Amino acid sequence: MPNTDTNTMSSEHESGEDFPRMRREKEKVRERQQQGDGIGWGGQTLREQFEDLEEKTDETGHYAGFERLELKQEEPIEYEQMFAQLRGDLVTARETSKEVAATPIVEQEGELCYGLFTPEGDSIAVSTGIIVHIHTMSEAIKYMINHDYEESPGIEPGDIFVNNDTHVGDVHPCDIMTLIPIFHEGELVAWAGGVNHVIDAGAIGPGSMNVSQASRFGDGAYYTARKIGENFELYNSWKKEYPAKTRTPNFLKLDERTRITGCLMIRDSVKELIARTGIKTFKQLSREAIEDGRRGFRSRIQETMLPGTYRGVSFVDALYEGQKNVTRDYADENHIMHAPSELHVREDGSFQVSFEGANKWGWHPFNCTPAAIQGGIWVMLTQT
């Protein structure tokens with residue numbers, strides 16, 4: 001098996017001119033902080049920038065208040081070229097980093113995806129792959145903003161964050177995400193994120209998927225939007241803790257290299273695009289791409305669906321009786337899970353989803369955290 005020391009990869013990436021450049025970026029961030037400015041655009045804190053964006057979106061009905069797509073309308077070819085480059089580089093990052101992985105779930109089945117996100121956590125472009133996690137990564141970034149990570153533990157160039165807490169942003173604990181901030185001249189301009197399905201997360205039963213435990217304490221190791229490194233170097237404490245909580249440490253080490261590799265490739269792509277087109281154009285693109293996508297999706301609904309209410313029912317047998325790793329007698333049962341859904345489509349292409357009438361909660365995890373449900377709805381509605 002190849003060398004699993006992630007520091008080897010990070011030190012190679014930060015050789016030459018890149019490490020001094022990152023060090024200068026860190027100095028600019030600290031200068032802004034000393035002046036009382038945040039790492040957001042125009043000196044705002046991330047929380048202020050996030051709240052400002054949400055307010056403009058609510059007031060205008062357009063993402064970030066972008067009622068006119070100036071870049072796309074005035075420079076349509078340049079707009080499409082830039083977006084296509086980002087999209088292509090995300091796919092390239094996925095296909096290249098897949099070769100680093102050892103886990104068959106990643107290397108053979110492709111349970112891996114990457115996303116490029118705004119500073120507020122909204123997806124600009126996505127790779128191919130298991131893209132339900134584009135939404136879960138978005139939720140994790142928003143969690144960090146809303147819990148003032150800018151103040152503590154801090155968000156700086158070269159930082160590495162990890163999350164697999166399903167109540168923050170994930171589907172299963174075995175879906176581990178890596179998030180890396182991308183800075184330019186002291187400002188946070190984007191996030192690169194990647195998720196893969198690991199082979200074992202240290203749950204009560206071996207393997208990646210465990211759904212028979214009746215307590216969160218049987219789910220395995222949880223990492224709640226944690227900073228695990230800086231200067232693209234993993235903390236020694238993390239390198240000790242991470243492998244110790246799984247039955248397959250070498251697989252997880254290589255999966256971590258996979259995610260970091262892809263995120264660094266995305267970061268390099270963004271840096272190259274900013275150097276070529278300028279930061280103002282990149283910021284404009286990152287806003288317009290999301291609003292353009294929102295309009296396209298709404299138009300697709302209007303073209304393919306009649307206004308009205310669509311209803312469906314679904315029943316799933318949940319067979320847990322006699323499971324050896326069920327630790328409580330009260331959870332030793334079989335039952336039917338009822339998941340009705342109702343989609344109300346309006347004439348303007350907006351819609352509302354309801355699960356009214358679903359059966360009561362059960363003792364076993366079943367992909368029902370808010371991030372998992374929202375991500376599942378997003379994938380279903382965008383791909384069908």
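The values are calculated or read from the model by the stated rules, or taken from the named source; none is laboratory data. Since we're looking at a predicted model, the values are computed, not measured. Counting neighbours? That spans all protein chains shown, and the Cβs are built from the backbone with ideal geometry, glycine included. We work out accessible area using only protein heavy atoms, side chains counted, and drop any ligands, DNA or RNA first. Shrake-Rupley method; radii C 1.70, N 1.55, O 1.52, S 1.80 Å.
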At pLDDT 95 or above, out of contact with any helix residue (DSSP H, G or I) (no Cβ under 7 Å at 6 or more places or on another chain) and either of a type in the set (Val, Ile, Thr) or crowded, with 21+ Cβ neighbours inside 10 Å (or both), is that true of ILE39?
-> no
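Conditions tested, residue by residue: (1) touching a helix residue (DSSP H, G or I) at 6+ places or on another chain (Cβ under 9 Å); (2) more than 23 Å from THR382 (Cβ to Cβ); (3) of a type in the set (Ser, Thr, Tyr).
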position: ALA102; (1), (2), (3): yes, yes, no
position: GLU111; (1), (2), (3): yes, no, no
position: TYR114; (1), (2), (3): yes, no, yes
position: VAL126; (1), (2), (3): yes, no, no
position: SER138; (1), (2), (3): yes, no, yes
Does ARG300 fit the bill of being more than 28 Å from ARG216 (Cα to Cα), in a helix (DSSP H, G or I), out of contact with any Leu (no Cβ under 8 Å at 6 or more places or on another chain) and touching a residue at least 60 places away in the same chain (Cβ under 8 Å)?
-> no
Can you confirm whether region 261-276 contains a residue that is assigned to a helix (DSSP H, G or I), farther than 22 Å from ALA84 by Cβ and in contact (Cβ under 8 Å) with a residue 60 or more places away in the chain?
-> yes
Which residue pairs have Cβ atoms under 8 Å apart, sit 6 or more places apart or on different chains, and have a first residue in region 344-358 that is free of Cβ contacts under 8 Å to residues at least 40 places away in the same chain and a second that is open to solvent by 50 Å² or more (accessible area, probe 1.4 Å) and among the acidic types (Asp, Glu)?
-> VAL353/GLU342; SER354/GLU342; PHE355/GLU342; GLU356/GLU342
How many residues of region 128-169 are more than 21 Å from ILE373 (Cβ to Cβ) and free of Cβ contacts under 8 Å to residues at least 40 places away in the same chain? The answer is 3
Right, THR382: open to solvent by less than 80 Å² (accessible area, probe 1.4 Å), at pLDDT below 85 and more than 27 Å from ARG298 (Cα to Cα) or not?
-> no
Check SER286 against each of (1) at pLDDT 95 or above; (2) touching a Lys or Arg at 6+ places or on another chain (Cβ under 8 Å); (3) among the polar types (S, T, N, Q) and name the one condition it does not meet.
-> (2)
Of those in region 130-189 that are assigned to a loop (DSSP other than H, G, I, E, B) and hydrophobic (A, V, I, L, M, F, W, C), the residue most open to solvent (accessible area, probe 1.4 Å) is ILE130
